[in-house]
Amino acid sequence: MKKYLMGISIVLALVGCATNNAVVVVGDKEGLLDKNGNVLIKAIYEKIDIFDLDGTMYAIVKDVGNKYGITDLNGNIKLDIKFDSIGRYINGFAKVEVGDKYGLINKNFELVLEPIYEDIRTVIDNSIVVKKELEENKVKFGCFNTNIEEIAPLEYDMIYLSSENRMRVKRDNLWGFMDTSCKLIVEPKYSFVKDYSNGLAKVIGTNGLVTYIDLQGEEIERKTFNEGLNF
């Protein structure tokens with residue numbers, strides 16, 4: 001142990017006041033010691049990043065092949081070291097990358113969405129918006145719930161997080177709205193829609209006329225205008 005400690009060149013950081021663990025550098029590799037100098041994770045990794053998951057500490061580790069995985073603070077591998085990047089947990093899920101494609105892992109370090117997507121949005125209101133290239137130069141958006149059940153198929157040209165718990169969606173060059181659970185509230189039938197403000201959204205029909213819809217998608221008294229400002 002003394003010989004090991006003498007080889008430590010830099011103490012990088014204390015990892016949390018409760019644990020008093022320290023990420024250390026031995027040569028050009030990182031490891032983890034406890035407050036008594038005992039080795040928790042051998043200095044075999046290019047990088048160690050400690051994080052808290054529901055009150056338990058874990059480490060994102062990077063190996064010599066620039067691949068990432070997750071271990072506990074005793075060095076036991078919880079997620080195989082094979083990913084090109086691992087994001088932070090947000091609302092119970094973390095994004096992982098393999099070859100410029102993205103998937104999701106859950107709190108049990110299970111791969112619940114395979115890394116086949118061009119992008120995965122942050123989980124909001126139990127919905128997961130995904131972007132996938134179905135064929136060359138043809139990208140579509142869809143949506144899963146947090147049980148990884150498909151709510152909206154990969155048929156949308158765009159899904160935008162908007163305002164007032166609504167998302168603007170585009171399909172076949174027409175616009176509508178979903179709520180943030182990916183339930184379709186307004187079928188894509190307008191040539192363009194604006195974000196909601198004070199419970200109303202400005203929409204432009206395929207005839208070029210402007211009207212306003214409420215949060216349920218009902219047009220206000222079915223009045224149309226040549227022009228209109230946002231609320």
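The values are calculated or read from the model by the stated rules, or taken from the named source; none is laboratory data. Remember, it's a predicted structure, so these values are computed and weren't measured experimentally. Glycine gets a Cβ as well: all are built from the backbone with ideal geometry, and neighbour counts include every protein chain shown.
Filter region 118-147 down to residues that are at pLDDT 95 or above and hydrophobic (A, V, I, L, M, F, W, C) and give me whichever is nearest to I185 (Cα to Cα). Within region 118-147, the match that is nearest to I185 (Cα to Cα) is C143.
Taking region 1-27 only, how many residues are in a loop (DSSP other than H, G, I, E, B) and modelled with pLDDT of 95 or more?
Within region 1-27, the subset in a loop (DSSP other than H, G, I, E, B) is 1, 7, 16-20, 27.
Checking which are modelled with pLDDT of 95 or more leaves us with none.
Matching residues across region 1-27 total 0.
Just to be sure, is S191 surrounded by fewer than 18 Cβ atoms within 10 Å (Cβ to Cβ), small (G, A, S) and modelled with pLDDT under 95?
Numbers: surrounded by fewer than 18 Cβ atoms within 10 Å (Cβ to Cβ): yes; small (G, A, S): yes; modelled with pLDDT under 95: no.
No: the conditions fail for S191.
Scanning region 161-191 for residues that are farther than 21 Å from K131 by Cα and among the aromatic types (F, W, Y) yields a single hit, Y190. When K47, K35 are checked against the criterion of being basic (K, R), farther than 20 Å from Y117 by Cα and in contact with a Phe, Trp or Tyr (Cβ under 9 Å, 6 or more places away or on another chain), a single residue qualifies: K47.
Listed here are the residues, each with its yes/no results for (1) part of a strand (DSSP E or B); (2) within 13 Å of the chain's Cα centre (by Cα).
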{"site": "E114", "(1), (2)": "yes, no"}
{"site": "V130", "(1), (2)": "yes, yes"}
{"site": "L134", "(1), (2)": "yes, no"}
{"site": "K140", "(1), (2)": "yes, no"}
{"site": "C143", "(1), (2)": "yes, yes"}
{"site": "N147", "(1), (2)": "no, no"}
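Of everything in region 116-128 that is of a type outside the set (S, T, Y) and in a strand (DSSP E or B), the residue that is farthest from the chain's Cα centre (by Cα) is I116. When F177 is tested against (1) more than 30 Å from I81 (Cα to Cα); (2) exposed (fewer than 15 other Cβ atoms within 10 Å of the Cβ), only condition (2) is not met.
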